[in-house]
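Here's the structure we're looking at; comments come further down.
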């Protein structure tokens, strides 16, 4: 069995941790499938996707100097995940908005005066309440 980077081999899940799963691919040879390499979708719990004793197909994506193998299940699967570009093609385009006319100076002035009057009346009510308390003492 040729166990080099890029090889796709069958293996058996021998252990599950919170950060991934250990897979034996040959007698005496095992590697880790990191949680990010289990599926092309978000994986919150490894046990939702894998169980001990399960047969899986993995791709060897790396071997470090100590001989530990990094494995990937999602790289061994031939169906690629949809890319962002493909997803945006499926989404309907937003309907164009009719151009809004820019408000004139008079409209802006009218809006400003209304806001100003409402703020002034609120301040006046607040100061009247505050002043009446002080006079009563």
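Here are a few things to note about the model shown:
- Residues (touching a residue at least 40 places away in the same chain (Cβ under 8 Å) and under 14 Å from residue 75 (Cβ atoms)) located in segment 26-58: 31, 33, 40, 56, 57, 58
- Residues within segment 8-44 that are assigned to a loop (DSSP other than H, G, I, E, B), touching a strand residue (DSSP E or B) at 6+ places or on another chain (Cβ under 8 Å) and exposed (fewer than 14 other Cβ atoms within 10 Å of the Cβ), tallied: 1
- Qualifying residue in segment 53-60 (condition: within 17 Å of the chain's Cα centre (by Cα) and outside any helix (DSSP H, G or I)): no
- Some residue of segment 63-73 being at pLDDT 65 or above, touching a helix residue (DSSP H, G or I) at 6+ places or on another chain (Cβ under 7 Å), assigned by TED's automatic domain parsing to the domain that holds residue 32 and not in a strand (DSSP E or B): yes
- Residue that is modelled with the lowest pLDDT [pool: residues in segment 82-114 that are surrounded by 11 or more Cβ atoms within 10 Å (Cβ to Cβ) and in a loop (DSSP other than H, G, I, E, B)]: 82
- Evaluation of residue 76 against (1) surrounded by fewer than 15 Cβ atoms within 10 Å (Cβ to Cβ); (2) in contact (Cβ under 8 Å) with a residue 24 or more places away in the chain; (3) part of a loop (DSSP other than H, G, I, E, B) (one fails), failing number: (1)
The values are calculated or read from the model by the stated rules, or taken from the named source; none is laboratory data. No experiment lies behind these values; they were computed from the predicted model shown. Neighbour counts run over all protein chains shown; Cβ positions are idealised from the backbone, glycine included.
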